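Notes to accompany the following structure.
Quick note: the coordinates plus some simple rules give every number you see, no bench work behind them. Note that the structure is a prediction, hence the values are computed from the model and not measured. Quick reminder, even Gly has a Cβ in these numbers, built from the backbone with ideal geometry, and neighbours come from all protein chains shown.
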Amino acid sequence: MIAYIEGRLQDITGKGCVVVTPGGVGYELALPSTALVALPQKGGEVQLFTHMIVREDALDLYGFIARDDRDVFRLLIGIDKLGPKKALSILSHFKPEHLREIVLREDADMLATVPGIGPKSAREIMWKLKDKVAGIKTGPTLAGTPQETPQGEYFDALSGMKALGYTEDEARPMVREIFEAEPDIDASAAIRLALKKIAQARS
């Protein structure tokens, strides 16, 4: 099993890259778009966590900038009928902590925004991920460990901002920042503070 690769970036392909190790061996890897945009220029040094899938007619290697991304990829491909292509697509749209939030609040509609995943598939994936969500690491999200943060209030605040017309990408960083600064704040107060910050930024 190849779990990690370090070397020189030789080429960037449409869906991945080729990395040449110091020993002179070149590996072609498929990457989520979040990893593709983080690659250096050709010739630069690259470090990637990897997952290898062996099939009868091929040996496929997948690369990730962070260990958490690879761990989530492994969780996703462990779901029936969810292959590596769709798993990469999900990771191209959501970071591990974002995916965890989506699963916790059972937001199948958000998951269905991933190309190739319809509403029915999104609900099935959501249901199957619920018992695996504890394995999705959150990093620094929500100011510390999940037990220290009122996740229900956070999700309610996020939903409230979306109901006011803000997109997920607009609302998430702002709401997260507020809860990181004030972990015990309730949803309504967080929404008021977010709107105040928006007004101040526009003035």
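Starting from the Cα gyration tensor of the range 146-202, multiply each eigenvalue by 5, take the square root, and state the resulting semi-axes largest first in whole Å. Each step should come with its number before you reach the end.
Values: eigenvalues 62, 29, 17 Å².
Rounded to whole Å, the semi-axes are 18, 12, 9.
Going toward the positive end of the dipole of the chain, with +1 on Lys and Arg Cβ and -1 on Asp and Glu Cβ, which of ALA199, LEU31, THR50 do you reach last?
It is LEU31, whose Cα lies furthest towards the positive end.
Apply the Karplus curve 6.51 cos²θ - 1.76 cosθ + 1.60, θ = phi - 60°, to the phi angles in the range 43-59 and return the couplings in whole Hz, x for Gly and Pro.
Result, rounded to whole Hz: x, x, 7, 10, 10, 9, 7, 10, 9, 10, 10, 9, 10, 4, 10, 6, 10.
Along the three principal axes, how long is the range 68-135 when you take its alpha carbons, biggest first, rounded to the nearest angstrom?
25, 24, 20
Would you please name the GluC sites (Glu not before Pro) within the range 1-63 that are DSSP coil residues with at most 10 other C-beta atoms within 10 Å of their C-beta?
Sites meeting the loop and neighbour criteria: GLU56.
Please state the charge dipole magnitude for the chain, taken about the Cα centre, from unit charges on C-beta atoms (+1 on K and R, -1 on D and E), reported in debye and rounded to the nearest 20. Intermediate results must be reported in sequence, preceding the final value.
Details: 26 positive and 29 negative charges, 76 e Å.
Magnitude of the dipole: close to 360 debye.
Going by amide H atoms built from the backbone, whose H comes under 5 Å of the H on GLU106, apart from near neighbours?
Amide H neighbours of GLU106: none.
Distance check, please: which entries in LYS162/LYS197; LYS81/LYS132; LYS15/LYS85; LYS120/LYS162; LYS42/LYS86 exceed 20 angstrom between their Cα atoms?
Pairs exceeding 20 Å: LYS120/LYS162; LYS42/LYS86.
What is the diffusion coefficient of the range 5-61 in µm²/s, taking the Kirkwood radius over Cα pairs and the Stokes-Einstein relation at 37 °C with a viscosity of 0.692 mPa s?
Diffusion coefficient, whole number: 283 µm²/s.
Say a site is exposed when it is one of the trypsin sites (Lys or Arg not before Pro), sits in a DSSP loop, and has at most 10 other Cβ atoms within 10 Å; what is then the longest site-free stretch of the chain?
The longest such stretch corresponds to 82-203.
Roughly what angle does helix 67-77 make with the longest principal axis of the chain, taking Cα atoms, 0 to 90 degrees, to the nearest 10?
It is inclined by approximately 90 degrees.
When THR50, THR167 are ordered from fewest to most other Cβ atoms inside 10 Å of their Cβ, what list results?
THR167, THR50
Using each residue's phi in the range 104-116, evaluate 6.51 cos²θ - 1.76 cosθ + 1.60 at θ = phi - 60° and report the 3J(HN,Hα) Karplus result to the nearest Hz, with x for Gly and Pro.
5, 9, 6, 8, 5, 4, 5, 5, 6, 6, 6, x, x
Let me see the pair-distance distribution of the range 1-99: every alpha carbon pair, 5 Å bin width, integer percents in order.
2, 13, 26, 26, 18, 10, 4, 1
When every alpha-carbon pair in the chain is counted, what percent end up more than 30 Å apart?
On the way: 6480 of 20503 pairs.
Of all Cα-Cα pairs in the chain, 32 percent lie more than 30 Å apart.
What number, rounded to the nearest 500 deg cm²/dmol, is the helix-based mean residue ellipticity at 222 nm of the chain, given -39500 (n - 2.57) per DSSP H run of at least four residues and division by all its residues?
After summing the helix terms and dividing by the residues of the chain, the value is -13500 deg cm²/dmol.
Once fully extended, how much extra length lies between ILE198 and LYS120, figured as 0.36 nm per residue of separation less the alpha-carbon to alpha-carbon distance?
24.5 nm
Let me check I've understood the local charge: for LYS42, count other residues with C-beta under 11 angstrom from its C-beta, Lys and Arg +1, Asp and Glu -1. What total comes out? Don't skip to the answer; put the middle values down first.
Working: positive: ARG8; negative: ASP11.
Combined, the nearby Lys, Arg, Asp and Glu give 0.
Which aspartates and glutamates does LYS128 reach when only Cα atoms under 12 Å apart count, and residues fewer than 8 places away in its own chain are ignored?
Straight-distance partners of LYS128: ASP80, GLU106.
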